[in-house]
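Down below is the structure, laid out as structure tokens.
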Amino acid sequence: MRTIKFKGLSAKGWLYGDLIHNRGKAYIAPIGIASPFAEAGDFEVDESTIGQHIGLYGKNDEGIYEGDIIKLRDGKVYRVGYEQGRAMFSLYEGSKSTDIYALPISGAKIIGNIHDVKD
């Protein structure tokens, strides 16, 4: 069975793990055993920042998530997004999308996330 992981931004930073919705709020709980002193609020994330792991890894074996901004070995920068109509992840250069499996992702460097970049 494949593990489906998510990340989301909490008040304390990025959390990685299982996505849980409960009573109108979104939580990301670590996969495995959490601290016995943890409270539900420790895992609450801003729902608009949630991104799913795309199943691929970049440089240094970092997981690539929806919403990440990556730089490929050729120097081009892309935003990782999900295409609802095609039910697949894609790379976006501006508004133009490219099939994520058509480009060499393995050496990609994660340079940020759309939620970290401030205009």
What residue among LEU19, LEU103, LEU56 has the largest mean-square fluctuation in a Gaussian network model of the chain, using Cα springs under 10 Å?
LEU103
Give a residue-ordered list of calculated ³J(HN,Hα) values for region 69-83 (Karplus: 6.51 cos²θ - 1.76 cosθ + 1.60, θ = phi - 60°; whole Hz; x for Gly, Pro).
10, 10, 10, 7, 4, 7, x, 6, 10, 9, 9, 8, x, 10, 9
With a Förster radius of 35 Å, plug the Cβ-Cβ distance of THR98 and SER35 into 1/(1 + (r/R0)^6) and report the FRET value to the nearest 0.05.
0.30
For the chain, what percent of Cα pairs sit more than 20 Å apart?
45 percent
Could you rank the peptides 85-91, 95-101, 35-41 by their average count of other C-beta atoms within 10 Å per residue, with the highest value first?
85-91, 95-101, 35-41
Taking Lys and Arg as +1 and Asp and Glu as -1, residues besides LEU91 with C-beta under 15 Å from its C-beta add up to +1
Taking every pair of alpha-carbon atoms in region 1-54, give the share separated by more than 17 Å as a whole percent.
29 percent
Across 5 Å bins beginning at 0, the whole-percent shares of Cα-Cα pair distances in region 50-119 come to 4, 18, 32, 29, 13, 5, 0
What trypsin sites (Lys or Arg not before Pro) does region 1-73 have in DSSP loop regions with at most 16 other beta carbons within 10 Å?
ARG2, LYS12, ARG23, ARG73
Expected vector for region 29-39, Karplus 3J(HN,Hα) from phi with 6.51, -1.76, 1.60 and θ = phi - 60°, integer Hz, x for Gly and Pro, equals 9, x, 6, x, 9, 8, 4, x, 9, 6, 10
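Each value in this text was obtained by applying a stated rule to the coordinates, not by laboratory testing. Fair warning: this is a prediction, and the values are worked out from it, not measured in the lab. For neighbour counting, all protein chains shown are included, and Cβ atoms are generated from backbone atoms with ideal geometry for every residue, glycine included.
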